[in-house]
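Trainee: Sharing a structure with you now.
Read-outs: derived from the displayed coordinates by stated rules, not from any lab. Nothing here was measured: the structure is a model prediction, and the numbers come from that model. Using ideal geometry, Cβ is built from the backbone for each residue, glycine included, and neighbour counts are taken over all protein chains shown.
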């Protein structure tokens, strides 16, 4: 599983990455978590507001920090 956390590195983006990491650990699954800071790459993913979470190429969240329970549900 490939999870991309998109954002330039702001506080909300960092919080989103921490939530994603905690959710992956809580579910006990193997996943690669990648931080995407390049705006061109973010736009190519179809994301135009950050923070955003993309799992296996599917945009799950844009422009807000998700709850850990949401992320865990996306991982099922």
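Trainee: Report whether or not residue 43 is in a helix (DSSP H, G or I), surrounded by fewer than 18 Cβ atoms within 10 Å (Cβ to Cβ) and free of Cβ contacts under 8 Å to residues at least 12 places away in the same chain.
Mentor: Considered against the rule, which asks whether it is in a helix (DSSP H, G or I), surrounded by fewer than 18 Cβ atoms within 10 Å (Cβ to Cβ) and free of Cβ contacts under 8 Å to residues at least 12 places away in the same chain, residue 43 comes out as yes.
Trainee: In the stretch 57-76, how many residues are touching a strand residue (DSSP E or B) at 6+ places or on another chain (Cβ under 6 Å) and exposed (fewer than 15 other Cβ atoms within 10 Å of the Cβ)?
Mentor: 0
Trainee: Exactly one of (1) in a loop (DSSP other than H, G, I, E, B); (2) at negative phi is unmet by residue 16. Its number?
Mentor: (1)
Trainee: Among (1) within 10 Å of the chain's Cα centre (by Cα); (2) in a loop (DSSP other than H, G, I, E, B), which single condition is residue 71 missing?
Mentor: Exception for residue 71: condition (2).
Trainee: Could you list, in sequence order, the residues of the stretch 24-40 that are within 20 Å of residue 6 (Cα to Cα), touching a helix residue (DSSP H, G or I) at 6+ places or on another chain (Cβ under 7 Å) and in contact (Cβ under 8 Å) with a residue 40 or more places away in the chain?
Mentor: Passing the criteria: only 31.
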